[in-house]
Structures are given as C-alpha cells and as structure tokens.
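> Shown below is the structure under consideration.
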Amino acid sequence: MENLEERFPAIAAWIQHGWIEIGDQEWTRSSAVAQDCGGMVYENEGGKTLTECLEALERGLREHMRERWGDEFE
C-alpha cells in the first residue's frame, strides 16, 4: 500500500506553505479548501467522500503550485 505522501505529493508539499480544511463549512458550500496567509488558493464544492476531497485537492493544488512556482514543483 502506498503512503499518502506518494499518492498526494501536492498536498504533502502544501503543508509547508499553508493549510487545508476538509468537511462541511457554514461559511461556504465547499467540501475542501486550501489556504495560505494570502487567502484561499483552492476550493472544491463537489467532494462527497474523503477520497474525492483529497483527489480534488491534489489536482487543484498541483495546478496552483505550477502556476505559482512553475516546473520547480514537479
């Protein structure tokens, strides 16, 4: 079984830059958000399971990190 860092490398890297919230939020319809000191960088409204939330966060953070840091992330 692979570990979480291998399956979700962007999420694993993100914890050095910001934080992640997963679950029902009163202030938004999001099921998962990633934030840094500048605010929200990714928001997912579609995840119903933990796996769906983590997979969506991984995709969203990969895109954000590529835009922010370019190919250095890969």
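The values are calculated or read from the model by the stated rules, or taken from the named source; none is laboratory data. Since the structure is predicted, the reported quantities are computational estimates derived from the model, not experimental observations. Neighbour counts are summed over all protein chains in view; Cβ atoms, including those assigned to glycine, are modelled from backbone coordinates with ideal geometry.
> Of (1) in a strand (DSSP E or B); (2) charged (D, E, K, R); (3) in contact with a Gly (Cβ under 9 Å, 6 or more places away or on another chain), Glu52 satisfies all except one. Which?
(1)
> Sticking with this one: For Leu57, only one of the following conditions fails: (1) buried (at least 16 other Cβ atoms within 10 Å of the Cβ); (2) at pLDDT below 85. What is its number?
Leu57 satisfies all of (1) buried (at least 16 other Cβ atoms within 10 Å of the Cβ); (2) at pLDDT below 85 except (2).
> Can you pull out every residue in the range 33-73 that is within 16 Å of Pro9 (Cα to Cα) and of a type in the set (A, V, I, L, M)?
Ala34, Leu54, Ala56, Leu57, Leu61, Met65
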